[in-house]
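Peer 1: Sharing a structure with you now.
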Amino acid sequence: MSESRRYHVTTFGCQMNKADSERMAGILENMGMSWEEDPLQADLVLYNTCTIRDSAEQKVYSYLGKQAKRKQKNPNLTLVVAGCVAQQEGENLLRRVPELDLVMGPQHANQLESLLAQVAQGNQIVATEPVHIMEDITKPRRDSEVTAWVNVIYGCNERCTYCVVPGVRGLEQSRTPAAIRAEMVELAQQGYKEVTLLGQNIDAYGRDLPGITPEGRRENTLTDLLYFVHDVPGIERIRFATSHPRYFTERLVKACAELPKVCEHFHIPFQSGNNDILKAMGRGYTHEKYRRIIDTVRRYVPDASISADVIVAFPGETEAQFQDTLSVMEDIVFDMVNTAAYSPRPGTPAAEWANQLDETVKQDRLQRINHLVSQQAEVRSQRYQNRTETVLVEAINPRDPNQVMGRTRGNRLTFFTGDIEQLKGQIVPVHITETRAFSLTGSALQLATV
Ligand code: SF4
């Protein structure tokens, strides 16, 4: 019997890409292939790509160069580019890397088997036309055995002027509450303790699903979904990302405060603290509205962890407007902020604008804001000192094999001495003895599931 082909998947970018890669790996395993750790030894190599910034896009080309040389020597090698660069570039990618066998957009992730069947007949395939994303029949090959990504809505209907996502991931497609619940029930049966519900703009969940309540409200919102899946036995923690201030509701915060499994961590990108920049970005809210949202979150969930995304040096951003971003951060004091300098992306309105800022301004503002991010994270971590936090154990501390690591409900990485065989997948109360900007150290009080 011929030896099974070995595959390797490399993932760039966001959680949505990680979830897509797990699904595609599941399909390849279902086709009888086995995982190969070394991409230069694999018989099928799949790069699941990101184009959110130019630097992310450029990464895949260096990898493809090496693989193209392998393909020239070994025609049986199968080369696949998936994800957002595949969607953005399509046929151009074949011209740039003629050795490629398959170029497939994110919406085609769960059609990998039928696309590879066409490749096996000697075709070079480009699959980037918009499709309706069907429910998966194959089981994802998940990176973690403890926490799982669960897609709830694909794509995005927003039109933020800097963002490629709508162009490469397509229009919003919500999964049904029943399909999401069924996936969570299955995950619980496999021993998963935590799920993160995923959507580029998760507050848009259900907009494309039927159902209006007698009061005229949409029947299927993220809030309704949280109530609907909350009682899945075995799932102890529920997280969700990424929120959008334009659609974030008090009803959602209230539900999070009420539902014990929903973790006290909110990821709500605000992008800029200046209203003119927010307008130019097409974000659809003001910094005043954003501040009110954070006040509402802290009113219902006083100890909530709050993280965000920010873009600095957006076209035309003045020093004063940048200062507005810093002052929103100084007033709110975030647990974590993902920062990026504006990167002009193909097909986005802002990329065409004349008032682009130069690289020195970008790096200068990035450096200053990152300094503030670390300072704030340090301050926010200090509130855990001498407190007991429950930690869901995920893995061994790669830096100290005597320690295990996991996350608090507030999503802070935490290390403590323990045996991974005994503790993996357990929720352990940990007394915090040491705090750092982005992680904590403590000692386990006792082994108890909370
Ligand atoms: S909400 Fe805006 S930034 Fe987020 S994915 Fe959609 S278009 Fe992009």
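Peer 1: For region 330-421, which chymotrypsin sites (Phe, Trp or Tyr not before Pro) are both in a DSSP coil and crowded by at most 11 other Cβ atoms within 10 Å?
Peer 2: Passing sites in region 330-421 do not exist.
Peer 1: Sticking with this structure for a sec: Per residue, how much accessible area does the chain have with a 1.4 Å probe, in Å²? Mind dumping the intermediate values first?
Peer 2: Working: 19430 Å² over 450 residues.
It amounts to 43 Å² per residue over the chain.
Peer 1: Can I ask one more? Once you've got the GNM for the chain with C-alpha springs shorter than 10 Å, pick whichever of 412, 299, 95 has the biggest mean-square fluctuation.
Peer 2: 95
Peer 1: Looking only at Cβ-Cβ distances, which cysteines of the chain have no other cysteine closer than 4.7 Å?
Peer 2: 14, 50, 84, 156, 256, 263
Peer 1: Leaving ligands, DNA and RNA out of it, report the carbon-plus-sulfur percent of the accessible area of the chain at a 1.4 Å probe. Mind dumping the intermediate values first?
Peer 2: Values: 10050 of 19430 Å².
Answer for the chain is 52 percent, counting heavy atoms of protein chains only.
Peer 1: Have a look at 87, 375, 72 and tell me which one the Gaussian network model of the chain (Cα, springs below 10 Å) gives the largest fluctuation.
Peer 2: 72
Peer 1: Give me the distance between the Cα centres of region 289-336 and region 60-78, rounded to whole Å.
Peer 2: With region 289-336 and region 60-78 each reduced to a Cα centre, they are spaced 44 Å.
Peer 1: Based on the Kirkwood radius over alpha-carbon pairs, what value in µm²/s does the Stokes-Einstein equation return for the translational diffusion coefficient of region 215-304 at 37 °C and 0.692 mPa s?
Peer 2: Translational D for this selection: 230 µm²/s.
Peer 1: Determine the shape class of region 6-127: with a ≥ b ≥ c the square roots of the Cα gyration tensor eigenvalues, call it rounded for a/c under 1.5, and otherwise prolate if a/b is greater than b/c, oblate otherwise.
Peer 2: rounded
Peer 1: Pick from 55, 34, 307: which is most flexible by mean-square fluctuation in a GNM of the chain where alpha carbon atoms under 10 Å apart are linked?
Peer 2: Among 55, 34, 307, the largest GNM mean-square fluctuation belongs to 55.
Peer 1: Please give the solvent-accessible surface of residue 261 in Å², to the nearest 10, using a probe radius of 1.4 Å with every protein chain present.
Peer 2: Probe radius 1.4 Å; accessible area of residue 261 about 40 Å².
Peer 1: Working with all protein chains in place, sort 283, 380, 159 by solvent-accessible area computed with a 1.4 Å probe, largest first.
Peer 2: The most accessible residue leads, giving 159, 380, 283.
Peer 1: Ordered by packing density, taken as the mean number of other Cβ atoms within 10 Å over each peptide's residues, highest first, how do 47-53, 354-360 rank? Show your work: numbers first, answer last.
Peer 2: On the way: 47-53: 24.0, 354-360: 11.0.
Result, highest mean Cβ count within 10 Å first: 47-53, 354-360.
Peer 1: Describe numerically, in nm with one decimal, the distance between label points set 7 Å from Cα along Cα→Cβ at residue 92 and at residue 387.
Peer 2: About 4.7 nm, to one decimal.
Peer 1: Straight-line reach only, C-alpha to C-alpha below 15 angstrom: list the aspartates and glutamates that residue 59 could link to, leaving out same-chain residues fewer than 8 apart.
Peer 2: Residue 59 reaches 89.
Peer 1: Only bridges with both residues in the chain count here: give the DSSP antiparallel percent, nearest 5.
Peer 2: Of those bridges, close to 35 percent are antiparallel.
Peer 1: At what distance in angstrom do the alpha carbon centres of region 119-136 and region 16-32 lie from each other?
Peer 2: Each part reduced to its Cα centre gives a spacing of 15 Å.
The values are calculated or read from the model by the stated rules, or taken from the named source; none is laboratory data. If you're wondering where the values come from, they're calculated on a predicted model, not measured in any experiment. Because the Cβ atoms are built from the backbone with ideal geometry, glycine has one as well, and the counts that use them run over all protein chains shown. To get the accessible areas, we keep the full protein, side chains included, count just its heavy atoms, and leave off ligands, DNA and RNA. Shrake-Rupley method; radii C 1.70, N 1.55, O 1.52, S 1.80 Å.
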